[in-house]
Amino acid sequence: MCCNDNLNERNEGTKVHTNLDLSEISGMKFFDPHVHMTARTTDDYQAMADAGIVALIEPAFWLGQPRTGVDSFVDYYSSLIGWERFRSSQFGIKHYCTIGLNSREANNEKLAEQVMEILQRYIYKEGVVGIGEIGFDDQTPAEEKYFRLQLDLAKEAGLPVQIHTPHRDKKKGTQRSMDIAIEHGLSPSSVIVDHNNEETVKEVLDRGFWAAFTIYPFTKMGNERMVEVVKQYGSERIMINSAADWGISDPLAVPKSAALMKKSGISLPDIELVTYRNAITAFAQSGQINESDFMKVTPVDQGQKFESNSILRGGQQPRIDKNSIIIS
């Protein structure tokens, strides 16, 4: 049985702490650098704000089924820099995003060519802090072709890169991703390698890249395992995220993991680096992140509108501060 099989067995048995006492980390601020809020509800936004999440990054990704035309990408990218950014602000959370062609849909080369033509429209928009999430899925020649093209785009734009490492044959895919980034002249300090596990973390850190971990129920990385990773490797260039996509996932994975780290004796400065500071440092290389934008609490007026639309529906009243209710 190979190491991947061992990891898969461990993942299947991973228990995710859903009943951690978040009062343990009351007053702490968190930054989730990889969370797909398009897949989440307003209740999730409220819970995230209440748990201390003050900012997040939403990477462009696969929506669960293949898109059939370039216009669907146009609408999706537009929502990341428009409606979703607005929706997040209505709960006091600063929203950023990364823009890119994901690895799965890179295999539809006819459509991928059209997507590459429109990426320039979006990567210089306000709130776009990187090219991502890009990389490998099945590690095909087409995936590598469009990965390389987008690395060149990131280099031209001076943006960080957010790499999706594959679920299958992860170690090989992670190594290849880093090799290609170096070939294209990117500094490892500008590349965030995501979805790491125990099999990949040492090489990623040794080569100078940022190592991001997705705390995801039963796959990728459990929060108990994450505690052990931080104990072994420390907090330098390590960050955690929730992904929180259309599958079974937890948008509170970052604060819950912070609570478990504290309970396990990891120092508060280390917890802050892994759950807040490192993400800011990595993605601030875009020139788009100013910590002062989310350091102070500002009043929220949910009566505001975006293109004549608000998050309120009939019978709902605006939540004008964090402690007020939404529906009267």
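Write out the chymotrypsin sites (Phe, Trp or Tyr not before Pro) in the stretch 120-229 meeting two conditions: DSSP loop, and at most 16 other Cβ atoms within 10 Å of their Cβ. Intermediate values should be presented prior to the final figure.
Working: sites: Y122, Y124, F136, Y146, F147, F209, W210, F213, F218; in loops: Y124, F136, F209, F218.
Hits after loop and neighbour filter: Y124, F218.
Convert each backbone phi in the stretch 114-123 into a coupling constant with the Karplus relation 6.51 cos²θ - 1.76 cosθ + 1.60 (shift: θ = phi - 60°), then list the ³J(HN,Hα) values in order as whole Hz, x for Gly and Pro.
Per residue, the Karplus-derived 3J(HN,Hα) values read 5, 5, 4, 5, 9, 4, 4, 5, 10, 5 Hz.
On alpha carbon coordinates alone, what is the Rg over Rh value for the stretch 28-165, Rh being the Kirkwood radius?
Details: Rg = 14.9 Å, Rh = 15.2 Å.
Rounded to two decimals, Rg over Rh is 0.98.
Over the chain, what is the mean sequence separation of C-alpha contacts under 8 Å (at least six apart), divided by residue count, expressed as relative contact order in percent? Could the numbers behind the result be given before it?
Numbers: 614 pairs, mean separation 66.6, N = 328.
Here the relative contact order equals 20 percent.
Just for the Cα atoms in the stretch 173-310, what are the lengths along the principal axes, largest first, rounded to whole Å?
Each principal axis gives a Cα extent; for the stretch 173-310 these are 49, 40, 31 Å.
Which of these, E126, E105, E58, has the largest mean-square fluctuation under a Gaussian network model of the chain (Cα springs below 10 Å)?
E126
Which whole-Hz couplings ³J(HN,Hα) result when phi for each residue of the stretch 93-104 is put into the Karplus expression 6.51 cos²θ - 1.76 cosθ + 1.60, θ = phi - 60°, listed in order with x for Gly and Pro?
10, 7, 10, 10, 8, 10, 10, x, 8, 6, 5, 4
Starting from the Kirkwood Rh over alpha-carbon pairs, what translational D in µm² s⁻¹ does the stretch 21-295 have by Stokes-Einstein at 10 °C and 1.306 mPa s?
Details: Rh = 18.4 Å.
Roughly 86 µm²/s, to the nearest whole number.
Between K125 and K110, what length in nm is gained on full extension when 0.36 nm per residue of separation is reduced by their alpha carbon distance? Working shown, then result.
Numbers: separation 15, 0.36 × 15 = 5.40 nm, distance 2.55 nm.
Here the answer is 2.8 nm.
Too long at a 26 Å Cα-Cα cut-off: which of K29/K171; K171/K263; K94/K145; K94/K125? Don't jump to the answer; show the numbers that get you there.
Details: K29/K171 32 Å; K171/K263 31 Å; K94/K145 33 Å; K94/K125 15 Å.
Pairs exceeding the cut-off: K29/K171; K171/K263; K94/K145.
Excluding the sites themselves, what is the longest stretch of the chain that contains no trypsin sites (Lys or Arg not before Pro) in a DSSP loop with at most 13 other C-beta atoms within 10 Å?
Working: sites that count: K15, R168, K296, K305, R313, K322.
Counting only loop sites that pass the neighbour cut-off, the longest clear stretch is 16-167.
Per residue of the chain, what 222 nm ellipticity follows from adding -39500 (n - 2.57) for every DSSP H run with n ≥ 4, rounded to the nearest 500? Can you show the working numbers first?
Values: 13 runs with 127 residues, N = 328.
Dividing the helical sum by the residues of the chain leaves -11500 deg cm²/dmol.
Taking Cα pairs under 8 Å and at least six residues apart, what relative contact order does the stretch 22-167 come out at, in percent? Don't skip to the end; give the middle numbers.
On the way: 233 pairs, mean separation 30.6, N = 146.
The value is 21 percent.
For G130, which sequence-distant residues (separation of 5 or more, or a different chain) have an amide H within less than 5 Å of its own amide H, given hydrogens modelled in the peptide plane?
Counting only residues 5 or more places away or on other chains, the set is I99.
Return P(r) of the stretch 65-110 (all Cα-Cα pairs; 10 Å bins starting at 0; whole %; ordered from short to long distances).
So the P(r) values, bin by bin, are 23, 45, 25, 7, 0.
How many nm separate the modelled label positions at D179 and H167, each set 7 Å beyond the Cα in the direction of the Cβ?
Label at D179, label at H167, 2.5 nm between them.
How large is Rg/Rh for the stretch 166-208, to two decimals, with Cα atoms and a Kirkwood Rh? Write down the numbers at each step before the final one.
Numbers: Rg = 9.8 Å, Rh = 10.5 Å.
Reported Rg/Rh (Cα atoms, Kirkwood Rh): 0.93.
Residue by residue, what Karplus-based ³J(HN,Hα) values in Hz, rounded to whole numbers, does the stretch 285-293 have, using 6.51, -1.76 and 1.60 with θ = phi - 60° and x for Gly and Pro?
4, 6, x, 9, 9, 10, 4, 4, 5
Any read-out appearing in this document is the output of simple, stated calculations on the displayed coordinates, not a laboratory observation. Here the structure is a predicted model, which means the values were calculated and not measured. Glycine gets a Cβ as well: all are built from the backbone with ideal geometry, and neighbour counts include every protein chain shown.
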